[in-house]
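J.: This structure is in C-alpha cells; I'll ask about it shortly.
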Amino acid sequence: MTDVKPCPFCGSSEFEIRERVMEGKKGYPVTLLHWCYHDRAHANKPIERVGNTREEAIAAWNKRA
C-alpha cells in the first residue's frame, strides 16, 4: 500500500478510507476522508479525495500535500 502523506494544514496523519460497492452507479467507489483541525477559530473541515481504487484515492490525496 502507498504511504499517505500528512495533512498540509494540520500535520495529522489520521484518515479513513471508505470503500463501497457501486453496481451500476456513477461516481467513485473509494474515498479518503480526513477531518482537519488546523484552526480553532473556524469549524473543523472534512477533506476528501476520491478514486476508483485505494491507490488512486491515496495518490489524489498525496498530490495536494
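J.: Within segment 17-32, which residues are under 16 Å from Asn62 (Cβ atoms) and touching a Ser or Thr at 6+ places or on another chain (Cβ under 8 Å)?
T.: Matches in segment 17-32: Ile17, Val30.
J.: Next question, about the same structure. Conditions first: (1) modelled with pLDDT under 90; (2) part of a helix (DSSP H, G or I). Asn62 passes all but one, so which condition is the exception?
T.: Answer for Asn62: the failing condition is (1).
J.: Now a separate question. Return the total of residues in segment 20-34 being at pLDDT below 90 and either among the small types (Gly, Ala, Ser) or closer than 23 Å to Lys45 by Cβ (or both).
T.: The qualifying residues number 4.
The values are calculated or read from the model by the stated rules, or taken from the named source; none is laboratory data. Source: prediction; values computed, not measured. For neighbour counting, all protein chains shown are included, and Cβ atoms are generated from backbone atoms with ideal geometry for every residue, glycine included.
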